[in-house]
Amino acid sequence: MKRVSYKETWVDKLYIPAVLKGLIVTLKHLIRPHKNITIQYPEYKWKPYSHYRGAHRLNKDEQGRIKCVACEMCASACPAHCITIVPAPAPWEDRERYPIKFEINMLRCIYCGFCEEACPEESIELTEVYDFAGNSRRELIWDKEKLLEMYDLTVNEYYKGKPGTFSYSKEKKEK
Amino acid sequence: MVDLIIELVIIILKIGIVIGAVMMGVAYMTLAERRLSGFIQDRLGPNRAGPQGLLQPFADGIKLFFKEDFIPDSAEKLLFFIAPGMIFVPALCVIAVIPFGDSLNIFGREIQLRIADVNIGILYIFAIASLGVYGIVLGGWSANNKYTLFGSLRSVAQMISYELALGLSVMGVLMITGSLRLTEVVEVQRSYFFGFIPHWNIFLQPVAFIIFITAAFAETNRLPFDLVEAEQELVGGYHTEYNSMKWGLYFLSEYANVITASAVITTLFFGGWHLPWIEKIPMPQILLELLQIGSFVLKTAFFSIFFIWVRWTFPRFKYNQLMSLGWKVFLPIAILNVLVTGLFYAIFS
Amino acid sequence: MEFILFYIFGFIAVVSALLIILQKNPIYSAVFLILTLFSVAILFLLLNAQFVAAVQVLVYAGAIMTLFLFAIMLLNIKYEEKAFSKLANLKITGIFVTFVLFIEFMYMIFLRKGLGIAGNISPEKVAEVGNVELIGKILFTKYLFPFEVASLVLLVAMVGVIVLAKKKF
């Protein structure tokens with residue numbers, strides 16, 4: 001290895017040129033337009049990429065019925081055991097069972113997406129929604145109605161803009 | 001009798017306005033520190049409270065007032081209680097001798113724009129500023145915590161070492177002025193070299209200026225010399241055990257010290273309230289006075305922001321580096337500066 | 001006005017001077033010593049001696065007392081009580097020295113007429129020439145020899161400290 005030694009000149013020993021150089025570096029950052037770095041969250045929201053795994057939804061078919069057939073494949077695939085399904089005989093002709101209770105504990109869920117892969121009916125799906133919160137633990141155990149409602153919310157795009165960017169969006173009102 | 005009362009009212013008003021201005025400056029320096037540091041690091045800084053975060057200082061103040069005032073069980077209660085006051089009072093007292101303008105003529109009454117015009121001006125500043133160290137030392141000692149004790153021990157050695165460089169660097173300026181009175185220091189700087197370069201001491205004493213501003217950084221415990229606080233190694237230094245408004249007082253005095261140091265630098269090296277070139281344009285007397293006050297405030301604000309700017313540029317010194325810089329570099333250079341200035345004056349006058 | 005201030009700060013100086021020796025905790029003693037020095041500085045101010053007042057605060061209250069505190073903190077002196085029994089002889093010596101000092105003061109004040117203004121220096125002259133200029137002039141003309149001797153003593157002390165610090169034990 002070749003060693004390069006640098007001999008300090010008397011200018012270097014004054015330290016003042018180095019100090020000024022450092023100050024200029026920070027000055028450049030200070031006056032540079034620095035958008036696209038910090039996202040002003042409630043006003044601007046980040047649009048996730050299409051492979052993003054966010055909150056779940058339960059898909060509906062063309063007639064607006066729940067797609068799920070209560071096979072419980074998702075529940076058994078779930079490594080966190082956060083899905084609870086209570087099946088019942090279906091009132092419709094095209095399937096035998098449907099869930100009368102379908103609960104996902106969003107606090108236990110690890111958002112691995114195994115449920116989505118296990119589902120034979122493409123009923124359960126992970127959406128791009130990442131900003132959900134609740135005031136209690138109970139509130140974050142999402143039931144069937146909430147999950148179907150998520151379908152309505154996310155069937156069209158939930159966040160605006162190109163994936164990987166963020167754009168202005170109005171605060172969505174609480175229901 | 002009436003005259004006396006009016007004089008008294010004017011003095012009280014002046015004190016109120018100056019202290020109010022310093023406190024507002026302190027409040028907005030906390031905001032400026034946070035926002036500018038954000039910009040330097042390509043962030044945005046606090047911008048939620050009010051437009052562009054302009055109400056943030058008040059939100060912080062209200063928060064500090066309503067926090068629980070907790071005193072550690074093993075603390076030396078009395079000293080722990082009075083130590084924040086011992087740093088806050090000197091921090092505010094120093095500003096008293098700094099002239100922030102010439103004189104205003106209102107209703108036929110000449111109002112000198114300084115609180116006190118004492119003939120030991122600069123010595124008064126050093127004397128009162130040197131008392132500020134007790135707030136740090138006693139606060140750190142009385143909290144009975146090893147980190148706070150380390151912080152106070154460091155502050156003692158640091159303050160004493162840099163006070164020497166600070167004092168000796170000013171000697172050059174004082175030799176030029178021939179007086180310790182700050183109004184005269186400003187008065188001397190009001191002429192021009194060659195008719196257009198302002199006769200500011202920075203052009204005559206650049207070495208003294210560099211030593212003074214660096215020592216001022218050390219005296220106000222600001223980065224790169226903030227070994228007294230040193231978050232990474234001392235958890236926050238002398239005020240580790242402090243909270244609520246007692247901590248707030250330490251915080252306020254740090255910024256008050258920065259503003260005072262900026263005002264002193266402005267007065268000693270940058271002509272104080274002297275407004276070059278523009279003062280030659282004919283204009284009403286009162287407008288000129290106000291512009292001169294404005295120029296003083298602007299210069300002080302620039303140096304206050306320079307303090308912030310430096311803080312977010314340089315890393316902290318090691319303690320041995322700090323000490324050898326103070327004793328082996330700045331002190332000899334300051335003495336040399338005094339000698340050279342003296343020789344220069346002996347030869348050329 | 002000046003009399004009121006004199007009595008207030010004289011009282012503070014005396015009381016805090018007493019408290020220095022009555023405190024058990026050396027840190028509190030140091031704090032009261034600072035208070036004493038500060039109020040004495042204000043007494044100097046009342047005597048039109050601004051320079052002496054500022055230097056008193058700057059050097060004694062600002063620098064020397066800080067180093068005192070530094071030493072006290074580093075040495076971790078526990079409460080004085082234990083050590084005090086060994087110093088019983090010093091107590092008698094102390095009382096004796098204080099008494100002698102008191103007699104000397106009384107002699108100066110009443111028999112040598114040490115009160116009032118000496119020489120041609122009056123408050124008007126101080127205000128006219130300037131405090132610092134006056135002291136500087138006297139220091140470098142009339143009292144040049146004591147001044148130089150004092151600086152020599154300081155130099156000797158400094159050299160002594162460096163020699164002691166460099167010595168390997």
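Among the residues of segment B:270-287, is there at least one that is under 16 Å from the mean Cα position of the chain (by Cα), basic (Lys, Arg) and surrounded by fewer than 22 Cβ atoms within 10 Å (Cβ to Cβ)?
no
Looking only at segment C:95-124, count every residue that is in a helix (DSSP H, G or I), modelled with pLDDT under 80 and open to solvent by 80 Å² or more (accessible area, probe 1.4 Å) and tell me the total.
Let us first name the residues in segment C:95-124 that are in a helix (DSSP H, G or I), namely C:95-111, C:123-124.
After this cut, where a residue has to be modelled with pLDDT under 80 as well, the list is C:109-111, C:123-124.
Pick out the ones that are also open to solvent by 80 Å² or more (accessible area, probe 1.4 Å) and you get C:110-111, C:124.
Result for segment C:95-124: 3.
Inspect segment A:91-110 for any residue being of a type in the set (A, V, I, L, M, F, W, C), within 29 Å of A:TYR151 (Cβ to Cβ), in a loop (DSSP other than H, G, I, E, B) and open to solvent by less than 60 Å² (accessible area, probe 1.4 Å) and give the result as yes or no. Explain how you work it out, then say what you get.
Narrowing segment A:91-110 to residues of a type in the set (A, V, I, L, M, F, W, C): A:92, A:100, A:102, A:104, A:106-107, A:109-110.
The next check asks that each one be within 29 Å of A:TYR151 (Cβ to Cβ); those that pass are A:92, A:100, A:102, A:104, A:106-107, A:109-110.
Then drop every residue that is not in a loop (DSSP other than H, G, I, E, B), which leaves A:92, A:106-107, A:109-110.
Checking the rest, the ones that are also open to solvent by less than 60 Å² (accessible area, probe 1.4 Å) come to A:106, A:109.
Yes, segment A:91-110 contains at least one residue that is of a type in the set (A, V, I, L, M, F, W, C), within 29 Å of A:TYR151 (Cβ to Cβ), in a loop (DSSP other than H, G, I, E, B) and open to solvent by less than 60 Å² (accessible area, probe 1.4 Å).
From B:VAL118, B:VAL133, grab the single residue that is in contact with a helix residue (DSSP H, G or I) (Cβ under 9 Å, 6 or more places away or on another chain), open to solvent by 30 Å² or more (accessible area, probe 1.4 Å) and not charged (D, E, K, R). Break it down into steps so the answer makes sense when it comes.
On the way: B:VAL133 fails: open to solvent by 30 Å² or more (accessible area, probe 1.4 Å).
Criteria check complete, one pass: B:VAL118.
Only one of these is among the acidic types (Asp, Glu) and more than 16 Å from B:VAL137 (Cα to Cα): B:GLU187, B:GLU219, B:GLU229, B:GLU241. Name it. So that I can check it myself, show each step before the final result.
Details: B:GLU219 fails: more than 16 Å from B:VAL137 (Cα to Cα); B:GLU229 fails: more than 16 Å from B:VAL137 (Cα to Cα); B:GLU241 fails: more than 16 Å from B:VAL137 (Cα to Cα).
When all the criteria are applied, what remains is B:GLU187.
Out of curiosity, is B:ALA32 at pLDDT 85 or above and buried (at least 18 other Cβ atoms within 10 Å of the Cβ)? So that I can check it myself, show each step before the final result.
On the way: at pLDDT 85 or above: yes; buried (at least 18 other Cβ atoms within 10 Å of the Cβ): yes.
Considered against the rule, which asks whether it is at pLDDT 85 or above and buried (at least 18 other Cβ atoms within 10 Å of the Cβ), B:ALA32 comes out as yes.
Of all the residues that make up segment C:21-72, how many are of a type in the set (Val, Ile, Thr), open to solvent by 40 Å² or more (accessible area, probe 1.4 Å) and more than 12 Å from the chain's Cα centre (by Cα)?
Just the residues of segment C:21-72 that are of a type in the set (Val, Ile, Thr), to begin with: C:21, C:27, C:31, C:34, C:36, C:40, C:42, C:52, C:55, C:57, C:59, C:64, C:66, C:72.
From what is left, the residues that are open to solvent by 40 Å² or more (accessible area, probe 1.4 Å) are C:21, C:40, C:52, C:55, C:59, C:64.
Subsequent filtering for residues that are more than 12 Å from the chain's Cα centre (by Cα) retains C:21.
Number of matching residues: 1.
Looking at segment B:259-286, which of its residues are of a type in the set (Gly, Ala, Ser) and not in a helix (DSSP H, G or I)? Walk me through how you get there before you give the answer.
Of all residues in segment B:259-286, those of a type in the set (Gly, Ala, Ser) come to B:261-263, B:271-272.
Passing the criteria: B:GLY271, B:GLY272.
Report those helices (runs of 4 or more DSSP H) wholly inside segment B:115-184 carrying at least 1 residues which are closer than 22 Å to B:ASN320 by Cα and more than 7 Å from every other protein chain (Cβ to nearest Cβ). Spell out the reasoning first.
Numbers: elements: B:121-131, B:133-142, B:146-177.
Result: B:133-142, B:146-177.
Which pairs have Cβ atoms under 6 Å, sit 6 or more apart or on different chains, and link a residue in segment B:23-52 that is within 12 Å of chain A (Cβ to nearest Cβ) to one that is hydroxyl-bearing (Ser, Thr, Tyr) and crowded, with 18+ Cβ neighbours inside 10 Å?
If the second residue must be hydroxyl-bearing (Ser, Thr, Tyr) and crowded, with 18+ Cβ neighbours inside 10 Å, the pairs left are B:ILE40/A:THR26.
So which residues in segment A:111-144 are under 16 Å from A:MET73 (Cα atoms), open to solvent by 20 Å² or more (accessible area, probe 1.4 Å) and of a type in the set (A, V, I, L, M, F, W, C), if there are any at all?
Answer for segment A:111-144, where residues must be under 16 Å from A:MET73 (Cα atoms), open to solvent by 20 Å² or more (accessible area, probe 1.4 Å) and of a type in the set (A, V, I, L, M, F, W, C): A:CYS112, A:PHE114, A:ALA118, A:CYS119.
Tell me the residue from C:ALA88, C:ALA165, C:ALA127 that is loosely packed, with under 10 Cβ neighbours inside 10 Å, at pLDDT below 85 and out of contact with any helix residue (DSSP H, G or I) (no Cβ under 7 Å at 6 or more places or on another chain), please. I'd like the intermediate steps shown before the answer.
On the way: C:ALA165 fails: at pLDDT below 85; C:ALA127 fails: loosely packed, with under 10 Cβ neighbours inside 10 Å.
The unique qualifying residue is C:ALA88.
Being in a helix (DSSP H, G or I) and open to solvent by less than 30 Å² (accessible area, probe 1.4 Å) is the filter here, so list the residues in segment B:93-113 that pass it.
First, pick out the residues of segment B:93-113 that are in a helix (DSSP H, G or I): B:93-97.
Matches in segment B:93-113: B:VAL94, B:ILE95, B:ALA96, B:VAL97.
Name the single residue, out of those in segment A:152-175 being modelled with pLDDT under 75 and among the basic types (Lys, Arg), that is surrounded by the most Cβ atoms within 10 Å (Cβ to Cβ).
A:LYS172
So which of B:LEU336, B:LEU331, B:LEU291 is over 27 Å from A:LEU27 (Cα atoms), loosely packed, with under 14 Cβ neighbours inside 10 Å and over 20 Å from the mean Cα position of the chain (by Cα)?
Values: B:LEU331 fails: loosely packed, with under 14 Cβ neighbours inside 10 Å; B:LEU291 fails: loosely packed, with under 14 Cβ neighbours inside 10 Å.
The conditions single out B:LEU336.
Can you pull out the residues in segment C:25-56 that are more than 10 Å from every other protein chain (Cβ to nearest Cβ), in a helix (DSSP H, G or I) and not aliphatic (A, V, I, L, M)?
C:PRO26, C:SER29, C:PHE32, C:THR36, C:SER39, C:PHE44
Answer yes if at least one residue in segment A:57-68 is within 14 Å of another protein chain (Cβ to nearest Cβ), charged (D, E, K, R) and in contact with a strand residue (DSSP E or B) (Cβ under 9 Å, 6 or more places away or on another chain), and no otherwise. So that I can check it myself, show each step before the final result.
First, pick out the residues of segment A:57-68 that are within 14 Å of another protein chain (Cβ to nearest Cβ): none.
Checking segment A:57-68: not a single residue is within 14 Å of another protein chain (Cβ to nearest Cβ), charged (D, E, K, R) and in contact with a strand residue (DSSP E or B) (Cβ under 9 Å, 6 or more places away or on another chain).
Inspect segment B:198-210 for any residue being surrounded by 22 or more Cβ atoms within 10 Å (Cβ to Cβ), within 14 Å of chain C (Cβ to nearest Cβ) and farther than 17 Å from B:GLN321 by Cβ and give the result as yes or no.
The answer is no; no qualifying residue exists.
What number of residues in segment A:63-100 are more than 23 Å from A:ASP152 (Cα to Cα) and of a type in the set (Ser, Thr, Tyr)?
1
So which pairs qualify, if the first residue must be in segment B:210-227 and free of Cβ contacts under 8 Å to residues at least 60 places away in the same chain, the second must be crowded, with 24+ Cβ neighbours inside 10 Å and assigned to a helix (DSSP H, G or I), the Cβ gap must be under 8 Å, and the two must be at least 6 apart or on different chains?
B:PHE212/B:LEU166; B:PHE212/B:SER169; B:PHE212/B:VAL170; B:PHE212/B:LEU268; B:PHE212/B:PHE269; B:ALA216/B:LEU166; B:ALA216/B:ALA261; B:ALA216/B:VAL264
Would you confirm whether any residue within segment B:161-176 is surrounded by 18 or more Cβ atoms within 10 Å (Cβ to Cβ) and among the charged types (D, E, K, R)?
Yes; the residues of segment B:161-176 include at least one that is surrounded by 18 or more Cβ atoms within 10 Å (Cβ to Cβ) and among the charged types (D, E, K, R).
For segment A:111-162, enumerate the residues that are under 21 Å from A:ILE66 (Cα atoms) and among the acidic types (Asp, Glu).
Across segment A:111-162, the qualifying residues are A:GLU116, A:GLU117, A:GLU121, A:GLU122, A:GLU125, A:GLU128, A:ASP143, A:GLU145, A:GLU149, A:ASP152, A:GLU157.
Taking segment A:1-48 as the search range and keeping residues that are within 8 Å of chain B (Cβ to nearest Cβ) and modelled with pLDDT of 85 or more, which one is most open to solvent (accessible area, probe 1.4 Å)?
Step by step, filter segment A:1-48, then rank; the result is A:VAL25.
The values are calculated or read from the model by the stated rules, or taken from the named source; none is laboratory data. Predicted, not measured: the structure shown is a model, and the values here were computed from it. Glycine also receives a Cβ, built like all others from the backbone with ideal geometry; neighbour counts cover every protein chain displayed. Areas reflect the complete protein model, heavy atoms only, side chains present, ligands, DNA and RNA absent. Shrake-Rupley method; radii C 1.70, N 1.55, O 1.52, S 1.80 Å.
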